[in-house]
Amino acid sequence: MMPDKRVSELLDFYREAGVDAALGERPMDRFAVLEAPPPTRAPQQVSLPPDLEIKGRATLAVPPSPDVAAMAAREAAKRAKSLEELRGILEGFDGCALKATATRLVFADGNPQAKLMFVGEAPGRDEDLEGLPFVGRSGKLLDLMLAAIGLDRTKVYIANIVPWRPPGNRTPTPQEQQICLPFILRQIELVDPDILVCLGGLRRRLCSASRRESPRHADAGSLSTPGSGKSAHLRPFTPLFCCVARCKSGLPGATSSP
């Protein structure tokens, strides 16, 4: 039998790889299953009552293409007049396949009235379980960095460009990001922050999307929220201390950092 320490290390490896659900009690050789010829069965004709027949056809419906889903997302996001409405629209939106594999929607955390907003890429396992963004190891690091300059989650607002966890914590595909992009742009518009900090490689993507929405106001270093006439300056995650310290005059409770 494997020692307890090795078992613990193996479980830690599985958890880091995104394996968080057991499919059976006994191991199975998947390669042997693939090599075995599939059993042949004669097709069966099944007749269903009219009411059940309609439901059966609905479950086999082909999902919309990414372009159709992105267009539906843009129309749905425009209808949101508040963050609460936007959250309700997202909970009822079925155009992104990630919703089917995620545990729950990860909408946002923090103060919607904050002047400083953080946008990440997508939730991970911890965020998927709790329904809040940045609660895992990266979130703890973010909390420490905010505390070093006199801020906490009550003074900032945090969201993700994709609100559902991709399986295995993989990077969202460009199609998945494109479908969810109208929702985060509307979320930024509703929060209307003075400073927008992108966590990860999101600066170019958000700026490109902003140029499509408002080409007059967006440049390489800013994102314009349509309708507000306001341009929120983007800053990368790495020089977070310099970013906030440089703009501390507009952030209540912020202190300078070394």
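Throughout, read-outs are computed from the coordinates displayed, never taken from laboratory work. In this text, all values refer to a predicted model and were calculated from it rather than measured experimentally. Cβ coordinates were reconstructed from backbone atoms using ideal geometry, including for glycine residues, and neighbour counts include every protein chain displayed.
One chain, two ends: ASP192 and ALA148. Fully extended at 0.36 nm per residue, the span grows by 13.4 nm beyond their Cα-Cα distance.
For ASP67 and ARG125, what is the calculated FRET efficiency with R₀ set at 35 Å and r taken between the beta-carbons, to the nearest 0.05? Approximately 0.70, to the nearest 0.05.
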